[in-house]
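Have a look at the structure below before the remarks.
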Amino acid sequence: MKDLMRYALKIGEKLGASQVEAFGSYSISRDIEAEKNEIKIATSKTFRAVGIRVIYEGGIGFSYTATLDKESIEKAVKEAIKVAKLRGKDPYYISFPDKEAIQKAQGIFYKETSETPLETMVQDILDMIKITLDYDKRITSVGAGYSIGVATKYITNSLGIDLEEKYASSSIGVYAVAEENNQMTSGYEFQAERNVKKLDIQKVALEAAKMTIKLLNPQKIETRKMHVLLKPLAVASLLGPTLINSLRADNVQEKRSFLIGKLNSKISTDELNIVDNALLPDGLSSRSFDDEGVPSKKIYIIKNGVLKSYLHNSYTAQREKIENTAHASRRALSEPSISPSNFIIEHKNEKEIDDLISEIDKGVIANSLIGAHTANPVTGEFSVALGEVFYIESGEIKYPVKQAMIGSNALEMLGKIDMLGKDKRQIGSVFTGTLSFAEITVSG
Amino acid sequence: MIRVEDVLIKIVENAIKFGAEYADARYEKIFSTTIMYSNDRIERISTGINEGIGIRVLANGAFSFLSTNVIDVNSILQQIKDSVKSAISFGEKRKDKIKLAATKTVKDKVIIKPKYPPEEYPLENKVSFLKDLVSISREKDKRIVNATSLITDISKYKVLITSEGTEIIYKQPRVYFGLDVVAFEAGRSSWFGIRKASPTGYEYIKNFDTEVLSNEVVQKALKMLKAKPAPAGRFTVVVDNALTGVFIHEAFGHACEGDAIAAGESILKGRLGEKIGSELVTVYDDSTLHEGWGSLKYDDEGVPTQKRVLVEKGYLKGYITNRESAYKLNLSPNGGGRAQSYNHPPIVRMSNTYIVPGDYSKEELFEDIKYGVYLLGSRGGQVDISKGTFQFNAKEAYLIENGEITTPLLDVSLSGYTLEILSNVDAVSKDFDMWPGFCGKSGQSVPAGTGGPHIRIKNAIVGGRR
């Protein structure tokens with residue numbers, strides 16, 4: 001792979017590009033899936049591809065190939081130059097990133113993860129199914145999954161960047177269906193870790209089973225204002241298409257963000273901090289350098305409720321002539337985009353989850369959101385159904401709720417955060433506990 | 001030069017030799033371009049070719065699937081050997097062996113030849129179409145602070161070989177484009193966009209007048225600057241054609257998918273023949289619609305597709321099946337096994353899902369509504385098929401007051417309960433239209449068409465904040 005990438009640099013420079021960059025990715029994954037209490041399919045996938053960027057007469061060009069031989073690489077370089085010509089001189093972009101010293105991220109690759117035997121995965125899945133089924137007779141159908149992945153990314157450019165890094169990932173999940181009185185419900189739990197040894201099949205299976213049984217016999221609630229507690233999965237799915245989308249500097253610069261002009265102004269309650277730390281040990285989004293080879297950083301996004309930084313890649317940073325925050329992210333098949341690394345939510349008013357619930361007079365607690373991807377990414381408006389919801393009254397969880405919806409705006413929600421649970425976990429990029437929002441209208 | 005078909009035949013023959021009862025191999029070569037044009041420049045562009053092979057084996061009643069884009073036949077044959085071996089070992093653990101419902105063997109070549117194939121249409125022309133949409137939109141009104149247009153095209157060549165003798169060669173182009181604008185005035189912004197798509201070539205974009213399209217999008221965005229928060233609670237709603245499609249796809253279509261039924265995960269399991277909605281509601285999932293966005297002649301298991309009746313006059317009539325779920329449910333496979341690409345195994349999917357038009361005029365739907373909500377267009381939705389809870393989102397919404405369409409509303413979604421909602425549909429209009437979308441399931445995204453008439457739904461939950 002590296003030889004072909006260096007070949008791309010040579011060819012590109014020979015054809016007149018002032019700078020060339022090759023980004024390669026090579027991933028191998030293995031996955032077992034069970035459905036209706038039995039193992040159904042084992043999947044193994046291998047994928048590798050190279051994306052090539054050039055700066056040609058001041059214009060940026062890009063193309064990719066998933067066929068890795070000299071001929072295909074040469075074709076892709078020529079295509080990238082053609083695209084650069086078509087695009088013309090870029091008004092803002094001067095150079096791909098320079099070579100800089102890299103601090104190694106810790107806990108991103110574990111040999112144990114990459115070498116997990118198939119037999120272990122099979123046995124763990126069977127055990128998870130058994131634990132879930134044994135928990136309660138009303139559980140009728142259990143689905144489960146176990147995935148292992150190893151990915152290597154390679155970056156090389158004309159300015160001397162020549163990097164590669166290997167990442168491991170593992171995850172397990174259980175989905176359970178329960179039936180009673182001709183009614184059905186479902187619950188689930190999952191865990192993702194860089195280090196496979198941290199996966200806790202017992203805990204995941206039991207949590208899935210418990211949640212499922214608790215959700216039986218849901219009741220209707222009246223439409224009214226109340227506290228809304230969103231568990232980590234719900235928080236992550238809400239922030240992704242709203243806050244995070246609007247934090248991307250490309251969206252800010254192109255006026256597709258509700259955070260335009262809000263830098264250094266208050267956008268949340270004083271107690272809230274959000275830190276983006278790409279070097280978090282064992283973080284699911286940790287990496288030593290971003291997808292353009294720029295060293296990882298730890299930065300404040302929100303400090304004491306004040307917006308401190310947007311998320312940049314080399315393009316958006318050069319456009320504004322400011323320091324690159326190193327948030328370039330890409331697949332080999334596309335130009336670099338922007339995404340957060342480990343997006344960590346902190347709050348001065350942090351409590352054990354039970355203590356948090358005990359302070360709620362009237363409210364709901366939801367595990368997930370249904371339809372969060374339909375949020376308006378530019379204005380932050382959203383209208384979603386709550387998933388796996390329970391009604392809270394006088395500090396106690398009373399009963400599962402049949403249907404509930406909330407409609408609001410991401411900025412409005414940020415201003416209503418009053419507490420954070422200590423039940424912290426990482427869902428994708430977002431690292432958070434349960435977030436409590438005061439005075440939200442819940443439709444029932 | 002070795003033919004791809006011969007390589008795939010060798011692969012499936014070896015899989016059988018290694019002990020598989022069944023094997024299929026799919027080769028795909030995907031040419032694709034994506035361009036995003038924002039305000040005054042090409043913001044993103046990507047062109048290239050992706051090819052690879054996906055191989056599925058069934059051995060001892062269990063599946064194994066492998067995909068790779070490293071096309072080295074000897075290495076693949078070695079991997080197949082391991083793949084069959086692992087399926088055999090899982091099979092040992094299964095009480096209930098997976099079997100495939102019978103299907104006839106097919107040998108066919110389906111080459112869709114567009115006038116302007118995506119791989120031949122000049123990049124310059126693609127860009128100038130996008131540039132037109134953007135510059136016309138920006139010139140319309142000073143309040144338009146961003147216009148972004150995008151286009152994705154694909155030309156997919158695929159070959160399917162099964163150990164039962166099926167050989168299908170399929171070539172399918174697709175063109176998908178959109179325009180989004182952001183309007184800004186007095187500290188408030190709004191965002192509105194449209195998506196258009198066709199399973200053809202670039203002749204498709206010649207059907208559109210960029211002036212008319214841009215104007216429509218700009219006017220809607222400007223109107224939305226005046227939008228007010230939606231009411232919260234239960235209301236009578238009227239839903240337009242596009243949203244009716246997404247409604248039926250989310251509220252009902254997913255729960256009719258054979259894999260979920262067979263696994264006991266869908267709230268509609270065991271309810272075939274039951275009355276589950278008003279007699280005004282008839283629902284089809286039709287893979288055979290002419291130039292339908294989700295249409296296909298054969299699915300990715302080589303099964304000929306068809307027009308499936310899911311609901312007829314309020315009665316649940318059918319499920320969407322692949323070969324595996326059809327066997328378990330003792331039904332015929334009806335061509336619902338689709339894969340996003342070579343690196344995914346086929347799973348049960350919808351194609352073009354719609355509600356059949358009724359007798360009302362569109363205007364009649366609004367007449368008796370004292371206070372309700374009119375919802376148009378869709379950015380998608382989601383469903384929990386075991387609980388029967390679904391959500392779907394409108395791009396545009398208005399209050400209905402005394403039969404009149406009045407105040408524009410900020411982003412609104414509806415939610416409901418699958419087993420109740422179709423009984424609440426109390427009027428279905430005569431008009432009809434279909435819309436293109438992408439449907440995500442188990443990490444796979446496939447083109448899915450949705451549509452129908454205008455419908456009126458009583459007692460729907462509106463996610464607002466007043």
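Here are the numbers for this structure:
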| read-out | value |
| --- | --- |
| Residue within the stretch B:312-334 that is buried (at least 23 other Cβ atoms within 10 Å of the Cβ), within 17 Å of residue B:24 (Cα to Cα) and out of contact with any Asp or Glu (no Cβ under 8 Å at 6 or more places or on another chain) present | no |
| Any hit, the stretch A:327-347, residues being closer than 26 Å to residue A:266 by Cβ and free of Cβ contacts under 8 Å to residues at least 12 places away in the same chain | no |
| Within the stretch B:151-176, considering residues that are within 23 Å of the chain's Cα centre (by Cα) and of a type in the set (A, V, I, L, M), the one farthest from the other protein chains (Cβ to nearest Cβ) | B:168 |
| Among the candidates A:95, A:27, residue that is crowded, with 16+ Cβ neighbours inside 10 Å, hydroxyl-bearing (Ser, Thr, Tyr) and not in a helix (DSSP H, G or I) | A:27 |
| Hey, residue A:424 surrounded by fewer than 21 Cβ atoms within 10 Å (Cβ to Cβ), of a type outside the set (A, V, I, L, M) and either in contact with a His (Cβ under 6 Å, 6 or more places away or on another chain) or closer than 30 Å to residue A:199 by Cβ (or both) or not | yes |
| Unique residue being more than 30 Å from residue B:24 (Cβ to Cβ), assigned to a helix (DSSP H, G or I) and out of contact with any Pro (no Cβ under 7 Å at 6 or more places or on another chain) when the list is B:92, B:139 | B:139 |
| Single residue of the stretch B:162-195 satisfying the filter (touching a Phe, Trp or Tyr at 6+ places or on another chain (Cβ under 6 Å) and not β-branched (Val, Ile, Thr)) that is farthest from residue B:446 (Cα to Cα) | B:163 |
| Per-region count, the stretch A:184-235, residues of a type in the set (Asp, Glu) and part of a helix (DSSP H, G or I) | 1 |
| Failed criterion for residue B:179 (all others in (1) within 14 Å of another protein chain (Cβ to nearest Cβ); (2) open to solvent by 10 Å² or more (accessible area, probe 1.4 Å); (3) not hydroxyl-bearing (Ser, Thr, Tyr) hold) | (2) |
| Residue ID - farthest from the other protein chains (Cβ to nearest Cβ), chosen from residues in the stretch A:215-244 that are over 22 Å from residue A:412 (Cβ atoms) and surrounded by 17 or more Cβ atoms within 10 Å (Cβ to Cβ) | A:216 |
| Selection within the stretch A:398-433 - outside any strand (DSSP E or B), away from chain B (no Cβ under 14 Å) and out of contact with any helix residue (DSSP H, G or I) (no Cβ under 6 Å at 6 or more places or on another chain) | A:414, A:422, A:424, A:429, A:433 |
| Condition broken by residue A:83, with the remaining ones in (1) touching a helix residue (DSSP H, G or I) at 6+ places or on another chain (Cβ under 8 Å); (2) under 30 Å from residue B:258 (Cα atoms) satisfied | (2) |
| Among the candidates A:354, A:361, residue that is away from chain B (no Cβ under 13 Å), more than 21 Å from residue A:271 (Cα to Cα), open to solvent by 10 Å² or more (accessible area, probe 1.4 Å) and of a type in the set (D, E, K, R) | A:361 |
| Selected residue (only one of A:144, A:178 is at pLDDT 95 or above, assigned to a strand (DSSP E or B), within 14 Å of another protein chain (Cβ to nearest Cβ) and over 25 Å from the mean Cα position of the chain (by Cα)) | A:178 |
| Verdict on residue B:159 being in contact with a helix residue (DSSP H, G or I) (Cβ under 8 Å, 6 or more places away or on another chain), assigned to a strand (DSSP E or B) and either over 16 Å from residue B:32 (Cβ atoms) or among the aromatic types (Phe, Trp, Tyr) (or both) | yes |
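The values are calculated or read from the model by the stated rules, or taken from the named source; none is laboratory data. A quick note: this is a predicted structure, and the numbers were derived from the prediction, not measured. Glycine gets a Cβ as well: all are built from the backbone with ideal geometry, and neighbour counts include every protein chain shown. Ligands, DNA and RNA are stripped out before the accessible areas are found, and what is left, the full protein with its side chains, is counted by its heavy atoms. Shrake-Rupley method; radii C 1.70, N 1.55, O 1.52, S 1.80 Å.
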